[in-house]
Amino acid sequence: MPGGGALAVIACSGFLTQFGEAHLIDASFDEVLFKPVDRHQVAAVVRPRLAVRMNDPVRRTMRRSAIVVDDNPVQLKLTALLLGVAGFQVRSASSGNEALKFARQETPDVILSDVLMPEMDGFELCQAVRADSTLS
């Protein structure tokens with residue numbers, strides 16, 4: 001969206017078709033990770049984006065927060081566990097709609113989302129976050 005925003009939106013997918021790759025470009029994700037996601041890979045992608053947000057003196061004293069979105073319960077639990085061990089306060093969502101609801105309740109430092117999900121997929125979630133003036 002014009003004007004961008006400070007909230008990083010990171011896509012996570014195990015499989016992309018040519019259609020999916022085209023959506024990635026349109027959705028303007030900050031980063032794309034491919035499953036299986038290694039904890040070092042997640043840390044390398046998330047850490048630099050948090051440095052920008054953590055420069056705010058108020059946020060520096062707070063625990064970093066993340067929303068993890070995946071319709072696969074095993075992948076969701078593993079990713080949430082990895083981020084929790086890395087020091088994040090994690091909220092898990094099984095759909096884009098649920099993640100958007102959580103983000104509107106309390107703006108996270110990062111959203112790590114699967115791409116291909118039923119209901120609201122990762123592409124639509126990214127576009128909804130970017131279009132929401134309180135989140136972007």
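The values are calculated or read from the model by the stated rules, or taken from the named source; none is laboratory data. The structure presented is a predicted model; accordingly, all values stated were derived computationally and were not measured. So basically every Cβ, Gly included, is an ideal-geometry build from the backbone, and we count neighbours across all protein chains shown. Each accessible area value is taken on the protein alone, full model and side chains, heavy atoms only, with ligands, DNA and RNA left out. Shrake-Rupley method; radii C 1.70, N 1.55, O 1.52, S 1.80 Å.
Going by the structure shown, is PHE19 open to solvent by 70 Å² or more (accessible area, probe 1.4 Å), of a type in the set (Phe, Trp, Tyr), at pLDDT below 80 and assigned to a helix (DSSP H, G or I)? For PHE19, the condition - open to solvent by 70 Å² or more (accessible area, probe 1.4 Å), of a type in the set (Phe, Trp, Tyr), at pLDDT below 80 and assigned to a helix (DSSP H, G or I) - is met. Scanning the stretch 64-80 turns up no residue that is β-branched (Val, Ile, Thr) and at pLDDT below 75.
In the set (1) under 20 Å from ALA43 (Cβ atoms); (2) in contact with a Leu (Cβ under 8 Å, 6 or more places away or on another chain), PHE88 fails one condition alone, (2).
Residues that are open to solvent by 50 Å² or more (accessible area, probe 1.4 Å) and on the phi > 0 side of the Ramachandran plot within the stretch 82-136 comprise just one, GLU119.
Pairs meeting the criteria (first residue in the stretch 78-98 and within 22 Å of ALA128 (Cα to Cα), second residue of a type in the set (Phe, Trp, Tyr) and not in a strand (DSSP E or B), beta carbons under 8 Å, at least 6 apart or on different chains) are ARG91/PHE102; ALA93/PHE102.
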